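All remarks here apply to the structure that follows.
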Amino acid sequence: MDLFDGLEPPQGGREQMAPGAVLLRGRASGCGAALLDVIAGIAAEAPFRRMVTPGGFTMSVAMTNCGAAGWVTDRRGYRYAAQDPQTGRPWPAMPDVFARLAQEAAAEAGYPGFRPDVCLINRYEPGAKMALHQDKDERDFASPIVSVSLGLPAVFRFGGARRADPVVKYPLRHGDVVVWGGESRLWFHGIDALKPGAHPLAGPVRFNLTFRKAL
DNA sequence: TAGTCCCC
DNA sequence: GGCA
C-alpha cells in the first residue's frame, strides 16, 4: 500500500529504481530558478539545436552542452567533441552551481567521488521524446550518470541491460534528480513524448541536465 | 564497416 | 526488431 498514492511525494524522498540507480525527489528544486538562469546564459553562447542521427533522422529534442566536451551526433555517428560544431568555439565552461549539484547528488546516491566533466542540456517541447537507448559514448563506465529534471513533467522509462528487458515508468517533475551507475550504468532508458503544459518558472518546456564523466 | 539517443 |  502506497501511502502517497495520488498525492505529491514528500520532498527529499528517495526511490531505488534498480541496482545502482536512485531517484532523489525534489533534490534540485531549491536551485531550480538559478539553474534555469544559467541554462539561458549557456544557450546564448551555444544555441540549442536539433541534431541528426546516423540514420538521418532529426531528433525531436533540442540540445546544447557545457563542460570540457559536448555530446554531438550527425550522419557520421555519436561522439564527444571539444568544440561546438555549429560555432567552432569551445563549449561554455561547466558552471560551479552545475558541478556542485551533480557532485552532491551523486554522493547522496552512493557515488562519492563523482566529478563530471561534461553536461548535456536537453530541451523538450511538447511532443519531443527520447527513444529507448544506452549511454555508451563515454570513456568512463565506472562513473555514474546524474540527470536533473527542470520545468514540465515527463515520464522516464528505465529498462534493463537488453533492449527487450521490461521497463518501469517514473514520472519526473521539476527538481527531481536521477542517478544511475554501477550495475545499471549501461541500462536502457528513454523519455515519453512530452505533454503540453506551462511551468511557472520554465514556461512550456522541459529541460534536462545530464552530467557524465566522458573523457 | 558496424552500430543504431531514429523509426515502426 | 529493422532501418538508411
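The values are calculated or read from the model by the stated rules, or taken from the named source; none is laboratory data. Please read these numbers as outputs of a predicted model, since none were measured by experiment. Note that each Cβ is placed from the backbone with ideal geometry, even for glycine, and that neighbours are counted across all protein chains shown.
Within region A:99-115, the only residue that satisfies the criterion of being part of a helix (DSSP H, G or I) and among the basic types (Lys, Arg) is A:100. On the stretch given as region A:52-84, residues that are within 16 Å of DNA strand C (Cβ to nearest atom), hydrophobic (A, V, I, L, M, F, W, C) and under 18 Å from the mean Cα position of the chain (by Cα) total 1. For residue A:121, are the conditions met, namely being in contact with a strand residue (DSSP E or B) (Cβ under 6 Å, 6 or more places away or on another chain), closer than 17 Å to residue A:43 by Cα and either of a type outside the set (Asp, Glu) or within 16 Å of DNA strand C (Cβ to nearest atom) (or both)? Criteria met by residue A:121.
In the set (1) out of contact with any Gly (no Cβ under 8 Å at 6 or more places or on another chain); (2) within 16 Å of DNA strand B (Cβ to nearest atom); (3) of a type outside the set (Asp, Glu), the condition left unmet by residue A:129 is number (1). Looking at region A:72-88, is at least one residue of a type in the set (Ser, Thr, Tyr), more than 12 Å from residue A:212 (Cβ to Cβ) and in contact with a helix residue (DSSP H, G or I) (Cβ under 9 Å, 6 or more places away or on another chain)? Yes, region A:72-88 contains a residue that is of a type in the set (Ser, Thr, Tyr), more than 12 Å from residue A:212 (Cβ to Cβ) and in contact with a helix residue (DSSP H, G or I) (Cβ under 9 Å, 6 or more places away or on another chain).
For residue A:199, only one of the following conditions fails: (1) surrounded by 15 or more Cβ atoms within 10 Å (Cβ to Cβ); (2) more than 14 Å from the chain's Cα centre (by Cα); (3) under 21 Å from residue A:18 (Cβ atoms); (4) not hydrophobic (A, V, I, L, M, F, W, C). What is its number? Against the list (1) surrounded by 15 or more Cβ atoms within 10 Å (Cβ to Cβ); (2) more than 14 Å from the chain's Cα centre (by Cα); (3) under 21 Å from residue A:18 (Cβ atoms); (4) not hydrophobic (A, V, I, L, M, F, W, C), residue A:199 comes up short only on (3).
Taking the conditions (1) under 23 Å from residue A:66 (Cα atoms); (2) within 14 Å of the chain's Cα centre (by Cα); (3) away from DNA strand C (no atom under 16 Å from the Cβ) in turn, residue A:155 satisfies each one other than (1).
Go through region A:116-188 and tell me which strands (runs of 3 or more DSSP E), entirely inside it, have 1 or more residues that are β-branched (Val, Ile, Thr). Here the list reads A:118-124, A:145-151, A:154-158, A:168-172, A:177-180. Would a scan of region A:96-111 turn up a residue that is within 16 Å of DNA strand B (Cβ to nearest atom) and over 13 Å from residue A:208 (Cβ atoms)? Within region A:96-111, none of the residues are within 16 Å of DNA strand B (Cβ to nearest atom) and over 13 Å from residue A:208 (Cβ atoms). Against the numbered list (1) away from DNA strand B (no atom under 12 Å from the Cβ); (2) under 20 Å from residue A:45 (Cα atoms), residue A:71 comes up short only at (1). On the stretch given as region A:9-23, residues that are loosely packed, with under 13 Cβ neighbours inside 10 Å and free of Cβ contacts under 8 Å to residues at least 24 places away in the same chain total 4. Taken together, the criteria exclude residue A:132 from residues that are buried (at least 19 other Cβ atoms within 10 Å of the Cβ) and hydrophobic (A, V, I, L, M, F, W, C). The condition (being in contact (Cβ under 8 Å) with a residue 12 or more places away in the chain and away from DNA strand C (no atom under 16 Å from the Cβ)) is satisfied by just one residue among A:131, A:202: A:202. So if I check each of A:95, A:90, A:126, which one is within 19 Å of residue A:34 (Cβ to Cβ) and modelled with pLDDT of 95 or more? One residue alone meets the criteria, A:95.
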